[in-house]
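Here is the structure we will look at.
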Amino acid sequence: MSEETIFSKIIRKEIPADIVYESDNILAFRDINPQAPVHILIIPKIVLPTVREVKGSEHALLLGEMYDVANKIAVQEDIAADGFRLVVNCDKNGGQDVYHLHMHLLGGRQMKWPPG
Ligand code: DGP
């Protein structure tokens with residue numbers, strides 16, 4: 001997969017971001033347009049444009065690491081005890097704007113259901 005988005009530039013540190021976590025496979029940084037007191041994007045360093053490109057047989061460890069990172073950051077940001085929300089938008093109806101797979105970690109306030 002080679003489709004580049006702004007997130008590829010953030011991974012390569014060509015544009016700045018407020019990075020809160022980095023490993024060989026994952027980067028996490030604060031969303032530029034936060035929808036909650038804590039709003040962090042957790043992304044794989046490989047380009048998977050949407051959830052539809054995710055294959056359990058190939059990406060299970062990577063997805064597992066994304067959840068591990070979400071839990072780690074939730075503790076780091078002091079939102080683990082009260083709870084938080086993880087969101088992955090997919091394509092037009094899902095409200096996806098950036099076509100590089102990302103998990104939103106949202107917390108620090110009461111979330112509503114159903115989401116908008
Ligand atoms: P989505 O709608 O699920 O594709 O979410 C994309 C998110 O990415 C959106 O909440 C805003 C955020 N975003 C877009 N461009 C940038 C950027 O250049 N820097 C940072 N930190 N966040 C960005």
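Observations
- For F29, the criteria (1) surrounded by 18 or more Cβ atoms within 10 Å (Cβ to Cβ); (2) within 9 Å of the ligand (Cβ to nearest atom); (3) assigned to a loop (DSSP other than H, G, I, E, B) hold in every case but one, which is (3).
- Residue satisfying all of: in segment 32-50; out of contact with any strand residue (DSSP E or B) (no Cβ under 8 Å at 6 or more places or on another chain) and of a type in the set (V, I, T); farthest from the ligand (Cβ to nearest atom) among these: I46
- Listed by first and then second residue, the pairs linking a residue in segment 14-37 that is more than 24 Å from G116 (Cα to Cα) to a residue that is of a type outside the set (A, V, I, L, M, F, W, C) and near the ligand (Cβ under 9 Å from one of its atoms), with Cβ atoms under 6 Å apart and 6 or more places separating them unless they lie on different chains, are I15/K9; D18/R30.
- Any chance E4 is out of contact with any helix residue (DSSP H, G or I) (no Cβ under 9 Å at 6 or more places or on another chain), more than 10 Å from the ligand (Cβ to nearest atom), closer than 17 Å to V98 by Cβ and assigned to a loop (DSSP other than H, G, I, E, B): yes
- Residue list for segment 11-26, filter: part of a loop (DSSP other than H, G, I, E, B) and either more than 8 Å from the ligand (Cβ to nearest atom) or not acidic (D, E) (or both): R12, K13, E14, I15, P16, A17, S23, D24, N25
- Residue tally, condition in a strand (DSSP E or B) and over 15 Å from Y21 (Cβ atoms), over segment 95-106: 1
- Those residues of segment 78-94 which are within 16 Å of the ligand (Cβ to nearest atom) and either assigned to a helix (DSSP H, G or I) or more than 15 Å from the chain's Cα centre (by Cα) (or both), in sequence order: D91, K92, N93, G94
- Filter result (surrounded by fewer than 16 Cβ atoms within 10 Å (Cβ to Cβ) and within 13 Å of the chain's Cα centre (by Cα)) within segment 98-116: V98
- Pairs where the first residue, in segment 72-95, is within 14 Å of I43 (Cα to Cα) and the second is acidic (D, E), C-beta under 9 Å, 6+ apart: N89/D97
Coordinate-derived values only; no laboratory data. In this text, all values refer to a predicted model and were calculated from it rather than measured experimentally. All Cβ positions, glycine included, derive from the backbone under ideal geometry; neighbour counts span all protein chains shown.
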